[in-house]
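A short write-up of the structure that comes next.
Derivation of every value follows stated rules applied to the coordinates shown; laboratory data play no part. Just so you know, these numbers come straight off a predicted model, no measurement behind them. Cβ coordinates were reconstructed from backbone atoms using ideal geometry, including for glycine residues, and neighbour counts include every protein chain displayed.
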Amino acid sequence: MRNILFMCSQNRLRSPTAEQVFASHPGIEASSAGTSHDAENPLAGELVEWADIIFVMERTHRIKLRKRFRAVPKHARVICLDIPDDYECMDPELVRVLRAKVERYL
């Protein structure tokens, strides 16, 4: 089982959508978090330690991740999806983009 963490800013639109889309993917345990302190599920050290792959939606999320958790585990791969904050939660186009960008890493 591989642990996959999806991150965006508020954990309200993009990362929860990704979590839902990939939650039933075989061999995957999916979770999501936000980089902001007022996120629905704020990013915590336990999640960073838990993750085998961390998908960030924007480069700024990767920067925030590295600043807050300087010791991102060596085993965790951090991948930037370059998905802007232009979608609603479970937007069909967002789901399509996520599948196209994430599948190759799974």
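Just name one of SER15, PHE69, PRO42: the one whose Cα is farthest towards the positive end of the charge dipole of the range 1-76 (beta-carbon charges, Lys/Arg +1, Asp/Glu -1). So the residue we want is PHE69.
Computed over the chain, the range of Cα coordinates on each principal axis works out to 35, 30, 20 Å, biggest value leading.
With charges only on Cβ, +1 for K and R and -1 for D and E, what is the dipole size of the chain about its Cα centre, in debye, rounded to 20?
Details: 16 positive and 15 negative charges, 126 e Å.
So the dipole magnitude of the chain works out to roughly 600 debye.
Calculate for the chain the 222 nm mean residue ellipticity that helices alone would give, adding -39,500 (n - 2.57) per DSSP H run of length 4 or more and normalising by residue count, nearest 500 deg cm²/dmol. Walk me through the numbers on the way to the answer.
Working: 4 runs with 36 residues, N = 106.
Mean residue ellipticity, 222 nm, calculated: -9500 deg cm²/dmol.
In the range 1-45, the ratio of gyration radius to Kirkwood radius, Rg to Rh, stands at 1.00 when only Cα atoms are counted.
Within the P(r) computed for the range 42-95, what percentage of the Cα pairs occupies the region above 19 Å? Roughly 32 percent, once rounded to a whole number.
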